[in-house]
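The structure under discussion appears below in the form of structure tokens.
Throughout, read-outs are computed from the coordinates displayed, never taken from laboratory work. Because the structure is predicted, anything quoted here is derived from the model rather than measured. No Cβ is skipped: glycine too gets one built from the backbone with ideal geometry, and neighbour counts run over all protein chains shown.
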Amino acid sequence: NAGVMQNPRHLVRRRGQEARLRCSPMKGHSHVYWYRQLPEEGLKFMVYLQKENIIDESGMPKERFSAEFPKEGPSILRIQQVVRGDSAAYFCASSQGSDLYGYTFGSGTRLTVV
Amino acid sequence: GQQVMQIPQYQHVQEGEDFTTYCNSSTTLSNIQWYKQRPGGHPVFLIQLVKSGEVKKQKRLTFQFGEAKKNSSLHITATQTTDVGTYFCAGGGYNKLIFGAGTRLAVHP
């Protein structure tokens with residue numbers, strides 16, 4: 001029973017390029033969350049998705065960031081025209097339901113913008 | 001919006017000493033969850049507390065949820081080097097968990 005799968009583990013992008021981060025939730029989990037973690041800091045909520053629906057994107061920057069969770073395939077967090085400040089660890093988590101269930105986190109994608 | 005504050009930010013202890021981290025929310029929580037993140041790793045779910053005044057134990061770890069459901073604590077008895085990491089509390093908010101900034105625990109042998 002595989003856990004939450006994220007790829008790539010490490011991603012290096014030049015300023016102005018696009019970054020695509022993928023997340024396959026744990027089997028049986030239909031709720032996906034993306035969090036960003038800056039070095040030495042906590043986890044900042046970005047977006048909560050269910051299949052084909054964005055439920056809560058209150059933590060997403062208004063520009064350059066988007067997320068989707070299609071009917072088939074993994075959830076994608078997309079960052080367009082990356083800047084140095086986007087460098088961070090991006091964690092995906094999945095759960096059976098909303099906040100009443102423990103989250104299972106993936107290993108994260110460490111994004112470095114050079 | 002809802003905020004979850006956690007103290008202390010850092011804690012250095014000698015192996016065998018006890019450790020406590022505290023979590024406070026600006027609003028009443030439906031539940032509180034605790035996670036541990038090892039250096040370079042990802043957060044791992046430890047426990048969830050739902051009831052007012054609830055106390056749960058996992059071996060040397062004791063978790064408490066305040067009567068008003070606005071604060072919580074994690075206490076580790078007789079720390080070991082394997083306890084090293086950052087401990088996060090997370091408050092159940094509408095649709096999502098709001099994480100505290102975490103307490104980084106260093107254990108010196």
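Across peptide A:104-110, what mean number of C-beta atoms from other chains lies inside 10 Å of a residue's C-beta?
Values: counts 4, 7, 2, 3, 5, 0, 1.
Across A:104-110, the average partner-chain Cβ count within 10 Å equals 3.
Taking amide H positions as placed in the peptide plane 1.01 Å from N, state which residues far from B:G66 in sequence (5 or more) or on other chains have amide H under 5 Å from it.
B:G53, B:N71, B:S72
At R0 = 25 Å, how high is the FRET efficiency between A:Q17 and B:M5 if r is their beta carbon distance? Nearest 0.05 is fine. Mind dumping the intermediate values first?
Working: r = 36 Å, r/R0 = 1.46.
Once the sixth-power term is evaluated, E becomes 0.10.
Identify which of B:G66, B:G40, B:G92 has the largest mean-square fluctuation in a Gaussian network model of chain B, with springs joining Cα atoms closer than 10 Å.
Comparing B:G66, B:G40, B:G92 in the GNM, the peak value goes to B:G40.
Treat each spin label as a single point 7 Å out from the Cα along the C-beta direction, and report the A:S30 to A:E72 distance in nm.
1.9
Modelled label-to-label distance, B:K51 and A:Q81, 7 Å Cα→beta-carbon offset: nm?
Label-label distance for B:K51 and A:Q81, simple model: 5.4 nm.
Applying 1/(1 + (r/R0)^6) with R0 = 35 Å to the Cβ-Cβ distance of A:A2 and B:Q14, what FRET efficiency is obtained, to the nearest 0.05? Show your work: numbers first, answer last.
Numbers: r = 39 Å, r/R0 = 1.12.
Computed FRET efficiency for A:A2 and B:Q14 comes out at 0.35.
Residue farthest toward the positive end of the dipole of the protein assembly as shown, with Cβ of Lys/Arg at +1 and Asp/Glu at -1: which of A:Q81, A:S94, B:T103?
Comparing the listed Cα positions along the dipole, A:Q81 ranks first.
Calculate how many DSSP beta bridges within the protein assembly as shown are antiparallel, expressed in % of all such bridges and rounded to the nearest 5. Could you put the intermediate results ahead of the total?
Numbers: 71 of 80 bridges.
Within the protein assembly as shown, antiparallel bridges account for around 90 percent of the total.
Where is the GNM fluctuation largest for chain A (alpha-carbon springs, 10 angstrom cutoff): A:G97, A:G28, A:G73?
Taking springs between Cα atoms under 10 Å, the residue moving most is A:G28.
Which residue fluctuates most in the GNM of chain B (Cα springs below 10 Å): B:N95, B:N31, B:N71?
Ranking B:N95, B:N31, B:N71 by mean-square fluctuation puts B:N95 first.
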